[in-house]
Structure formats: structure tokens, C-alpha cells
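Engineer: Dropping the structure in here first, questions after.
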Amino acid sequence: MNSHGRDESLLLSNLPARVNNLNFTFAAGSLLVLLLDWIRFHSSEIDNIAEEVLQSESPLQHERFWDLITAYVLQARMDEARQLLAKEAAVTTSTRSMCRVLDDLLKKMPTFGSQTLTEFELKWQHWREECERHLQCGTFSSSPQMETICKVLLGAEDTLLEKKDLMGTWYHFLVSQLLYTHPTVTLAEIHSYAQSCLDIFSPGDSSSEPLDNVLLAAFELDIHQVIKEFSIVTNNWWFVAHLTDLLDHCQLFQSHNLYFGSNMREHLLLEYASGLFSHHSLWQLGVDYFDHCPELGRVYLELHMERIPLSTEKKALKALRICEQRQMTEQVRSICKTMAMQAMRNRRLGSALSWSIRAKDAGFATLISDRFLKDYCERGRFSDLDLIDNLGPAMLLSDRLTFLGKYREFHKMYNDQQFEEAARLLLSLMTARIAPCTFWLTLLLDALPLLEQQQVIFSAEQTYQLMSCLEERTAAKLEPIQSEESRKSQDSSIENTKVEMLRLALARNLSRAIVKEGTVQV
């Protein structure tokens, strides 16, 4: 927003104070105080003149010295104006008495404080009469600059227009004119003054600027028109959304019987938040705005979260946290599934499995578990062992994932030489039918080292179960999970050899187990 727009925004934010029966109520004089604060805060021209004059080698001789004093007076900054007059009086003997008179007038100018309205108006009238008397008596006739300042104190319209370059805008002209003609102006009266000042300040200009229309609507307390005009002026919804939200919180819509107020507030916030979501780094701010829209905020948030581009894992985690905090189950599942698919395409099985578990997607977890088993068959070892070792309750998400976790436990038991526990687990993986049938030969081959141990690991009954699994697998003529290239390089004789080795090992183990169990019984 440009500086001109900031001026209007501060004015509009200062206007609403207290609402009473559809009218703003201000103590007499307090409205002008607010307007003066607005002008002083946003009028930078006077500061530029002050810097130019005071930093020159001879400020009193500077061509804009008196412009600076006049500009201070136009903003009721009497202390600064009197300081400059004091410098003039200290150096120039011929104007010293006039400086003292003008200084006295500036010092005596009444300001509204704790006194009553009647007291203030009485003091104001006496002060104006004193200014008028000095002007008529020609007290400042030998100094055109001081005479001009005296005319400004009387609010002379022609004089104020001559100094319009020191004000720059019609609303500065409005405030300065009210300051010296009607300091107790009320909010109900100010609109007529505003339109008049606009016409006087820019004569012959029939086309007003959009921001001028905004101010006129604000002075008229037409809230709907203010919002409408600002929607036309600004290139985004930031100001109108926040202004409408502020007015709604102040209950100004309710007090003005504007039934569309809350709906308008939510509509503008939704539009602004939607704009934030289109920005690569500001989209998270839009979430907070949607949260404060009770009717449609959640619906909009769900739609935008589904469409947000998940370009990085960091961004995905942020989006996921937002959805989880708001219990947006479908969006959580969608984000996790999208990231799992990306990880699968990049051959990052561990990341893909982690995302599928987080999404609680049993089908996708099964697919990734099969990829892990295929990878194991091709490489002879598992990747992402840390993830598999710490599946915990997540392995119950699908049978295949349960098998993957338990199969890893079998390897750990075997490496720790817990042979009997490993044998029971291996057998249970086959008999419980949670292992894929195409993986049975691999499981049976894993049993081979246990069958060849010096001590008997598998009992006779367990050995019969293994034999049954082997025959069932052989009868089905299923092949183990292998890559396409390795499948082409294998022939049936190799598999037959493996099967015969297993049958021999099982037969030998059965005889050893029967002897051992018979001996124990005796």
C-alpha cells in the first residue's frame, strides 16, 4: 500500500471509537485531536522542509524559513513554531516586537482539555477576537509572513488556499481549516465540510480519486461504501479483510443493522486467505485466517490443503501437522499417500513405508512390504533396518507388514543364536499363512541351517509341518520372488536341487527328532 493509502487506513482505524444508537460519540474537540494526530503522523512534507532549513548554513535567511513556521502552525505544532520565532526575534531587532506578539497569540491558542465545552468556546472566541484586532490594527503590516500566519490563525480560506502546497492534500486542508474555524466539529457535521473542502481544494476537477471516495464515505459513516471503494482501490484483500474484521469485532455492523456484516467479514477473510495459499511461503498464514471463519473456513482449508504442492518433505510435514491438529483425516491420508508415492518413484522404500504407515493405508503398506521382500531376495539383505526394527504396533497395519516385521525378528534371533525361538517363529510364519506363498521356499531354505545344527532344533511334529509346507509349495509349482533377469538365468534343475536338499535335511532331522523324543520318553 502506498503512503496515500496508509493515510486513509490510519484515518479509518481512528474513526471508530464508541457506538451509541447508530452514531459514533465523541466528546467535543476530541475528533479534531484524532484528525490532527493522523495529519501529523503521515505528513512527511513538513519534516523535509525542516531538514532543509535547519541544516542550512543560515536557517533564518533560508527562503523556506517562514514556510516551515507556517507549516507548523497548520498542524497546530505551536511549540516548534515558537522556537523558530524566538530565533528570529533574537537576531532581527526590527521584527522583535511583532515576533513577541505572534508568539503570545500562538501560546494563548486554546486547546481542549478538562474544561467544559462552554468554557472552551468562550476562551476560543476571546482568542479569535484578539487575533482579529491585531490584524485590523496592522500589527504585522511590516511583515507579510507574520501577517499571513495571523490570517491562518483566523482560518481565512484564501490564505489557506495560498498555502495549499504546504498541505498537499484536501483532507489536510480540511483539518487545518476546522482547526481554526470549528475546532468542536462533530462527526455528524464533518461530511459536509469534507465535500466542501474537496471541491475548494481541487476546483474544476470533476473526477475524484478512488481514495477520495473512500474518505468521503468514511466521513459519512457509510461502512459498506468504504469497504466497496477500498476493494476497488487496492490490489489485494489485505486491508478490506482486516478493516471488516475490526469493524465486526467492534460490533459496528450490528449497531448499524447491517445484516450482511458477519457474512462479508468471512467472505473477505476467505478471499484473502485463499490468496495467501497461492504464495509459496505465506500459505501457512492462510491457515490461521481460515480457522477464524466459523461457517466455511474448514471447508476452504480442506480444499486448499488437498491442492497444496508438496514440493519438499519439510513442506509436507508442515502440512501434515496442520491437518493432524485439526483432525482432518482425509487430508492426512492424502498427504501421506502422495509422499509415499513420491518416495516409491525415487526408490526410497524406507521413506515410502514410513509415510504409508502414517497414512494407515494397509493396501499401500502391503505393496511396499512386498517390495522389501523382493529387494531382500535380490540382494540377500534388508535395507532400512532401523525402520523395520522399530515398527512396533505399526506392523499390525497389514498381514504382509506383520510378516516383514516378524521375519526380521527371526533373523535377529538367529544372529543371537536363539535357535529354538527362531525355529518356532519361522514355523509360525508359514503355518499362520501370513507369508506370501511365493516366499515359502525362501523360508524353508532359512530353516536349512537350523536343520543342520548338531542339536535337534525342530521337533518331530514341527518337522512334519515343515514337510507339509514343502509339499504344498512343490505341488503348487510356485516360484520364489526373483528379478526378471535372475529368473531367466535360473533353470528348473537348480530349484529341484534345493527341494531335494530340503527333503533330505527334513528326513534326517525327523529321524534325529524321533530318536531324541523316544529316548526322553524312556
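Each value in this text was obtained by applying a stated rule to the coordinates, not by laboratory testing. This is a predicted model, so every value here is computed, not measured. Don't worry about glycine lacking a Cβ; one is built from the backbone with ideal geometry, like all the others, and counts go over all protein chains shown.
Engineer: Take the alpha-carbon positions of the chain, form their convex hull, and give its projected area averaged over all directions (one quarter of the hull surface) in nm².
Structural biologist: 43.4
Engineer: Along the charge dipole of the chain, which of Thr519, Ala422, Gly138 sits closest to the positive end, that is, farthest toward it, with unit charges on the beta carbon of Lys, Arg, Asp and Glu (+1, +1, -1, -1)?
Structural biologist: Checked the options; the winner is Thr519.
Engineer: Moving on to the next point. Send over the per residue convex hull volume for the stretch 3-235, Cα only, as a whole number of Å³.
Structural biologist: It is 134 Å³ per residue.
Engineer: What does a probe at Arg321 reach in the stretch 269-301, counting residues whose amide N is under 17 Å from the point 7 Å along Cα→Cβ?
Structural biologist: Residues passing the 17 Å test: 281-289.
Engineer: With every atom except the alpha carbons ignored, what do you get for Rg and Dmax of the stretch 236-297, in angstroms?
Structural biologist: Both quantities, over Cα of the stretch 236-297: 11.9, 40 Å.
Engineer: Please tell me which of these pairs span more than 20 angstrom C-alpha to C-alpha: Lys315/Lys374; Lys108/Lys164; Lys374/Lys406; Lys314/Lys406?
Structural biologist: Violating the 20 Å Cα-Cα cut-off are Lys315/Lys374; Lys108/Lys164; Lys314/Lys406.
Engineer: If I model a spin label at His249 and Gln454 as a point 7 Å from the Cα along the Cα→Cβ vector, what separation in nanometres do I get?
Structural biologist: Placing both labels 7 Å beyond Cα along the Cβ direction yields 8.2 nm.
Engineer: For an R0 of 60 angstrom, estimate the FRET efficiency from the Cβ-Cβ distance between Glu313 and Glu57 and round to the nearest 0.05.
Structural biologist: After rounding to 0.05, the efficiency reads 0.40.
Engineer: Still on this structure, please answer the following. Using Cα pairs under 8 angstrom and six or more residues apart, how large is the relative contact order of the chain, in percent?
Structural biologist: For the chain, the relative contact order is 8 percent.
Engineer: Another question about this same structure. Is there a quick way to get the dipole size of the chain? I mean about its Cα centre, with the Cβ of Lys and Arg at +1 and of Asp and Glu at -1; what is the value in debye to the nearest 20?
Structural biologist: The calculation lands at about 2700 debye.
Engineer: Could you give the longest part of the chain that holds none of the GluC sites (Glu not before Pro) found in DSSP loops with at most 10 neighbouring Cβ atoms within 10 Å?
Structural biologist: Result for the longest clean stretch: 64-522.
Engineer: How large is the Kirkwood hydrodynamic radius of the stretch 341-388, counting all unique pairs of alpha carbons, in Å?
Structural biologist: Its Kirkwood hydrodynamic radius stands at 10.7 Å.
Engineer: Continuing with this model, one more query. Measure out, as a whole number of angstrom, how far apart the alpha-carbon centroids of the stretch 109-134 and the stretch 353-429 sit.
Structural biologist: 91
Engineer: Same structure again: Identify the residues of the stretch 213-236 with backbone N under 11 Å of a label point that sits 7 angstrom from the Cα of Glu189 along the Cα-to-Cβ direction, or state none.
Structural biologist: Backbone N within reach: none found.
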